[in-house]
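Remarks on the structure that follows.
The values are calculated or read from the model by the stated rules, or taken from the named source; none is laboratory data. Note that the structure is a prediction, hence the values are computed from the model and not measured. Cβ: placed from backbone, ideal geometry, glycine included. Neighbour counts: every protein chain shown. Accessible surface is based on the protein model in full, side chains and every heavy atom, while ligands, DNA and RNA are left aside. Shrake-Rupley method; radii C 1.70, N 1.55, O 1.52, S 1.80 Å.
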Amino acid sequence: MPDRRAQLEEKIRAFQEQAAKAGQLKDRISELRGQARSGDGSVTVTVAPSGAVLGLQLSPTAMKYSHTQLQNEILATIRAATQQAAQLLQETVTPVLGDQAERFKEAFNAHSGVMMPDAPQQAPQPQQARPPMPPQHAAPPPPPVSRPAPGNRSRPAPVSDDEDFGGNSILR
């Protein structure tokens, strides 16, 4: 019986170590940020690894752009910041998860919609502003959509976290 007790204690210890690593990894991921600045410094963007924009700063220089040019500059800078955040995320999880890092990457990409890079890369530089596009003629508005009365709407079934990933933990 002492063998079984020792095995159980070893499994509990291993589980506790794994739980501590998961907690540390979660804390480090929550602190990750990607940041990029446009070529002329007029746009600065900060994003989370999920791609959520956490900060957007426009310098007075940004006002020299047309609305279309500024839109393109902002989007290019967001893409660069998101790429940097994804790279930082990969660099953070790979040492902790080891051979499970690929499963984490697949789950993260499927869940967040942001693609983690396959290999370490430098974040691309944001595109330079483009000249304004000629105005487009707007299409006629779509016909009104018929919607059910508020009390007649069906509600989606709740989904547990285990169902999101098929019940498989990446920390096993």
Charges only on Cβ, +1 for Lys and Arg, -1 for Asp and Glu: so what's the dipole of region 1-100 about the Cα centre, in debye to the nearest 20?
-> 140 debye
Ordering 104, 15 by the accessible surface of their heavy atoms, 1.4 Å probe, largest first, yields 15, 104
Spacing of the two label points (7 Å from each Cα toward its C-beta) at residue 67 and residue 19, in nm | 5.5 nm
For region 14-22, take each phi angle, set θ = phi - 60°, evaluate the Karplus expression 6.51 cos²θ - 1.76 cosθ + 1.60, and give the result in whole Hz per residue in order, putting x for glycine and proline.
-> 4, 5, 4, 5, 5, 5, 5, 4, 4
Protection-proxy order for peptides 79-86, 38-45, 67-74, 49-56, each taking the mean of Cβ atoms within 10 Å per residue, highest first = 79-86, 38-45, 67-74, 49-56
Where Lys and Arg each count +1 and Asp and Glu each count -1, what net charge lies around residue 47 among other residues with Cβ under 10 Å from its Cβ?
-> +2
